[in-house]
Amino acid sequence: MEMRQKFRYAIILLMSQIALNCDSSGELASKAREKEAQGNTAEALYYYDLALRENPENFTANKNLGILLAESGEAPGSAALYLEKALKKDPKNPEILLYLLEIYLLAGSRDETETVLRGFSESWDKDRESLARFLSSCILDSKKNVSERKRFVENRIPESNPASKRLFEFCGKKLYEETLGK
């Protein structure tokens, strides 16, 4: 009997250890955010990768790794992959949508851009939706909309996110350069 009881305790201990370590991905993602805040991007990337190895569905790790890669500009395909995974968990997240918009607009991907624009249309942030439509029209179709551009500048809407700020500047250089000097 005593042997059986010891075996049960060993099993319970083992199961509790497994349960505790089950989502260590959250701890790894926290460590990655900490490294990122300290400006140590390489270590942040490492810890986000570890977190995703533990739990490929970890929202924070997918989102933040996608944003870090998008910010680097060196791995847009990988950035999109991670951001798309995060978007599945939070389909109306304007920050994720803006980074995806940047990746797809700069790649000239109309179908993916349309998917992102649909995501904006279902979200609550109508200013960012109109900004996204303005940017896609500017970048993909070379269409000007001076009054809308002026509204965005006055309300500083593009400056709320690094991706939208870069896209707005790109659009300005592409179509509005002559109006900037006036």
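May I ask you to list the lysines whose Cα is less than 30 Å away from that of residue 89, ignoring any residue fewer than eight positions away on the same chain?
Once the sequence-local lysines are set aside, what remains near residue 89 is 31, 35, 63, 126, 165.
Near residue 118, within a Cβ-to-Cβ distance under 12 Å, what is the net charge of the other residues, with Lys and Arg +1 and Asp and Glu -1?
So the environment of residue 118 carries a net charge of -3.
What is the sum of charges around residue 73, taking Lys and Arg as +1, Asp and Glu as -1, for the other residues whose C-beta is under 10 Å from the C-beta of residue 73?
Neighbour charge sum, excluding residue 73 itself: -2.
For a protection proxy built on the mean count of beta-carbon atoms within 10 angstrom, sort 69-78, 134-143, 163-172 highest first, please.
Top of the packing list down: 163-172, 134-143, 69-78.
Keeping every protein chain present and rolling a 1.4 Å probe, give me the accessible area per residue for the range 88-145 in Å².
49 Å²
The values are calculated or read from the model by the stated rules, or taken from the named source; none is laboratory data. Computed from a prediction, not measured in an experiment: that's the story for all the values here. Every residue, glycine among them, receives a Cβ derived from its backbone with ideal geometry; neighbour counts consider all protein chains shown. Calculation scope for accessible area: heavy atoms of the full protein, side chains included, ligands and nucleic acids excluded. Shrake-Rupley method; radii C 1.70, N 1.55, O 1.52, S 1.80 Å.
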